[in-house]
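Inspection log for the structure reproduced underneath, given as structure tokens.
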Amino acid sequence: MDYEAELAIVIGRRVRNITPAASPRYILGYTTAQDISDRTVQSSESQWCRAKSFDTFTPLAAVHRTKIDPNDLTIQLFQNGQLRQNSNTAQLIFNCSSSSVSFPRT
């Protein structure tokens, strides 16, 4: 098993076919997520879907925050009291601004 601390965007209502500029109206808040992967399964298959989708593999925090800057948050992961991951959302490849957040168009 492998783990990564992540920022999760909580969508507050059903949404479909919107522009990136409209997406902030649908964001209820932000919370922490744990991205858990079974690397053995992942390396044995060409798709990552099964390795990341077992029950309990994406636990979320019980609360969400609304009045924060999602583009400047410390993300840390501790395992048995030891710091394993320490970063900031400012270092993400894609930020959470309205110009980059998008929803799949189906």
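Select from the range 9-27 the residues that are among the charged types (D, E, K, R) and touching a residue at least 12 places away in the same chain (Cβ under 8 Å) and write down the one among them that is most open to solvent (accessible area, probe 1.4 Å). My answer is R16.
Looking at I93, I75, just one residue is at pLDDT 75 or above and touching a helix residue (DSSP H, G or I) at 6+ places or on another chain (Cβ under 8 Å), and that residue is I75. Any residue in the range 45-67 that is over 21 Å from R84 (Cβ atoms), outside any loop (DSSP other than H, G, I, E, B) and at pLDDT below 80? There is at least one residue in the range 45-67 that is over 21 Å from R84 (Cβ atoms), outside any loop (DSSP other than H, G, I, E, B) and at pLDDT below 80. Taking residues in the range 28-53 that are closer than 28 Å to L73 by Cβ and among the acidic types (D, E), and partners anywhere that are modelled with pLDDT of 85 or more and crowded, with 16+ Cβ neighbours inside 10 Å, the pairs with Cβ atoms closer than 8 Å and at least 6 places apart or on different chains are D35/A5; D35/E6.
The values are calculated or read from the model by the stated rules, or taken from the named source; none is laboratory data. Here the structure is a predicted model, which means the values were calculated and not measured. When we count neighbours, we look across all protein chains shown, and the Cβ atoms used for this are built from the backbone with ideal geometry, even at glycine. Ligands, DNA and RNA are excluded from the accessible area calculation, which covers all protein heavy atoms including side chains. Shrake-Rupley method; radii C 1.70, N 1.55, O 1.52, S 1.80 Å.
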